[in-house]
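The values are calculated or read from the model by the stated rules, or taken from the named source; none is laboratory data. Treat the numbers as computed from the prediction; the structure is a model and nothing was measured. Don't worry about glycine lacking a Cβ; one is built from the backbone with ideal geometry, like all the others, and counts go over all protein chains shown.
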Amino acid sequence: MTRDLVSFSDLADADATSLLDAAAEFSKDVRAGLGRRRDAVMATLFMEPSTRTRLSFEAAMLRLGGGVVTSADPKGASTSKGETLADTVRMTDGYADVIVLRHPLEGAARLAAETARRPVINAGDGGREHPTQTLVDLFTLRRRLGSLAGRLVVLWGDLRYGRTTHSLAPALVRFGARVLLLAEPGLEFPAATLKSLARDGAPTARVEVAGAEASFGGRPEAILIGAAAGGEGAIALDRDPPDALYVTRVQTERLPPGSGGARRLPTIDRRFLEARPFARTAVLHPLPRVGEIARDVDDDPRAAYFEQAEAGVPVRMALIDAVLGGAEGWARSRPAESRTPPLCRKARCVTSAEPPHEVAAAPGSDCAYCGGAV
Ligand code: NCD
């Protein structure tokens, strides 16, 4: 079993904590890691646009003293000649010691991890997950807030097609934080992920958001994971102020045709942050922002998003170093046996694009790649 990182759920709490601790060490001086991985090569296979994730992965490997080979333009790769993802991964497996994959289809990283002998790191698979962004987010939140236990974190924006919150929400819950899901209408958090959180014992309730009506132009509806201070059916932000606001953009590239409605959540600007509940709220965003946060917030001490982007390097240094150093998998990884998943064939799932012999069919309920019902 290799140390793949396909889903944040592959990591036990202790694995995640030790990665964050190692990242904190690297962040003191990223130059100090030079030489640790001088003999290693990392392949970045990016079949979807990226700036921060790819560059910070590559900078991280270079800071460790290793080399990087990259394929970041699907039009310039054999994918455009009809090569399957599985074959592309088989090739890359022979050229590098670790593979970092970003792909537009859900479950692509799982398929790659099943195919490769080397470790595979998921740098985003369609709208499904983005576990390394979650490590970056947790690193930034820990640095800002210390312990996450009991903290209130608002996840804001496109919670349906944005993959970052799909990895982050369960991680926050595992570290004891409370999560308020405040979605743009029609872009609500996936019901299946909410159900699995509830199955794991997290109390989940629909609530009205009170105490900041002027900022929101009313009382928006939200979902609270964890207990509310201040009554049934509502969360009063003036008495229970958010410790962090995690803002996301609408993922227009993944919206079904014709569904792109107008944004209804307000832009986060200085005026918004003047409201009392937000006096000490850290503002995070995985970036890129496209109008969700005004430029006038950038110099505000509550703005954490550029610091968050910079944390990508030490966090990914810690991850690459751990993945290359470990013969054994993470404590929570499942063994690489899932070669007989149900074949869901949904357009957003990798099973729709790969030939049947790469993704074997079997009767069952949930697709092992995208997690959707079959
Ligand atoms: C995010 C992504 O690609 O999911 N960006 C990133 O990796 N920092 C968020 C986004 O594109 O909106």
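Residue by residue, here is whether (1) of a type outside the set (Gly, Ala, Ser); (2) buried (at least 16 other Cβ atoms within 10 Å of the Cβ); (3) in contact (Cβ under 8 Å) with a residue 12 or more places away in the chain holds:
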| site | (1), (2), (3) |
| --- | --- |
| Ala40 | no, yes, yes |
| Ala43 | no, yes, yes |
| Met47 | yes, yes, yes |
| Arg52 | yes, yes, yes |
| Arg63 | yes, yes, yes |
| Thr70 | yes, no, yes |
| Lys75 | yes, no, no |
| Gly82 | no, no, no |
(request) For Glu232, indicate whether it is surrounded by fewer than 18 Cβ atoms within 10 Å (Cβ to Cβ) and either closer than 22 Å to Arg160 by Cα or in contact with a Phe, Trp or Tyr (Cβ under 9 Å, 6 or more places away or on another chain) (or both). (result) no
(request) Could you tell me whether any residue of region 101-120 is in contact with a Pro (Cβ under 9 Å, 6 or more places away or on another chain) and more than 27 Å from Leu181 (Cβ to Cβ)? (result) yes
(request) Sort out which residues of region 52-67 are in contact with a strand residue (DSSP E or B) (Cβ under 7 Å, 6 or more places away or on another chain) and closer than 24 Å to Phe306 by Cβ, and write them in order of number. (result) Thr53, Arg54, Phe57, Glu58, Met61, Leu62
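Scan region 348-367 for residues that are farther than 16 Å from Glu83 by Cβ, in a loop (DSSP other than H, G, I, E, B) and modelled with pLDDT of 80 or more and jot them down.
Our first condition is that a residue be farther than 16 Å from Glu83 by Cβ; within region 348-367, this holds for 348-349, 351-352, 356, 360-367.
Narrowing further to those that are in a loop (DSSP other than H, G, I, E, B): 348, 356, 360-365, 367.
Passing the criteria: Arg348, Cys367.
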(request) Among the numbered conditions (1) away from the ligand (no atom under 16 Å from the Cβ); (2) more than 23 Å from Leu168 (Cβ to Cβ), tell me where Ala16 comes up short. (result) (2)
(message) Given the condition closer than 30 Å to Met47 by Cα and in contact with a Pro (Cβ under 7 Å, 6 or more places away or on another chain), answer yes or no: does some residue in region 237-248 qualify?
(response) yes
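Quick check on region 172-195: of everything there that is of a type in the set (Gly, Ala, Ser) and surrounded by fewer than 23 Cβ atoms within 10 Å (Cβ to Cβ), which residue is farthest from Val6 (Cα to Cα)? Please lay out each step first, then the result.
Applying the first criterion (of a type in the set (Gly, Ala, Ser)) to region 172-195 yields 176-177, 183, 186, 191-192.
Keeping just the survivors that are surrounded by fewer than 23 Cβ atoms within 10 Å (Cβ to Cβ) gives 176, 186, 191-192.
Details: Gly176: 23, Gly186: 27, Ala191: 21, Ala192: 18 Å.
Within region 172-195, the match that is farthest from Val6 (Cα to Cα) is Gly186.
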(request) Could you identify the single residue in Pro286, Pro314 that is within 16 Å of the ligand (Cβ to nearest atom), buried (at least 18 other Cβ atoms within 10 Å of the Cβ), at negative phi and outside any helix (DSSP H, G or I)? (result) Pro286
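Please verify whether region 49-72 includes one or more residues that are of a type in the set (D, E, K, R) and outside any helix (DSSP H, G or I).
Within region 49-72, the first condition is being of a type in the set (D, E, K, R), and the residues that meet it are 52, 54, 58, 63.
Adding the requirement that they be outside any helix (DSSP H, G or I) leaves none.
No: region 49-72 contains no residue that is of a type in the set (D, E, K, R) and outside any helix (DSSP H, G or I).
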(message) Suppose the filter is buried (at least 19 other Cβ atoms within 10 Å of the Cβ), under 21 Å from Glu129 (Cα atoms), of a type outside the set (Asp, Glu) and over 20 Å from the mean Cα position of the chain (by Cα); does Ala116 pass it?
(response) yes
(message) I need the full set of residues from region 48-69 which are within 16 Å of the ligand (Cβ to nearest atom), of a type outside the set (D, E, K, R) and over 17 Å from the mean Cα position of the chain (by Cα), in order please.
(response) Ala59, Ala60
(message) I need the full set of residues from region 258-283 which are touching a helix residue (DSSP H, G or I) at 6+ places or on another chain (Cβ under 7 Å), under 21 Å from Ala214 (Cβ atoms) and within 16 Å of the ligand (Cβ to nearest atom), in order please.
(response) Ile268, Val283
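Limited to region 255-272, what total is found for residues that are modelled with pLDDT under 85 and in contact with a strand residue (DSSP E or B) (Cβ under 9 Å, 6 or more places away or on another chain)?
Narrowing region 255-272 to residues modelled with pLDDT under 85: 257-263.
From what's left, in contact with a strand residue (DSSP E or B) (Cβ under 9 Å, 6 or more places away or on another chain): 263.
Total meeting the criteria: 1.
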(request) Being of a type outside the set (D, E, K, R), part of a helix (DSSP H, G or I) and either more than 27 Å from Val68 (Cβ to Cβ) or away from the ligand (no atom under 13 Å from the Cβ) (or both) is the filter here, so list the residues in region 110-143 that pass it. (result) Leu111, Ala112, Ala113, Thr115, Leu138, Phe139, Leu141
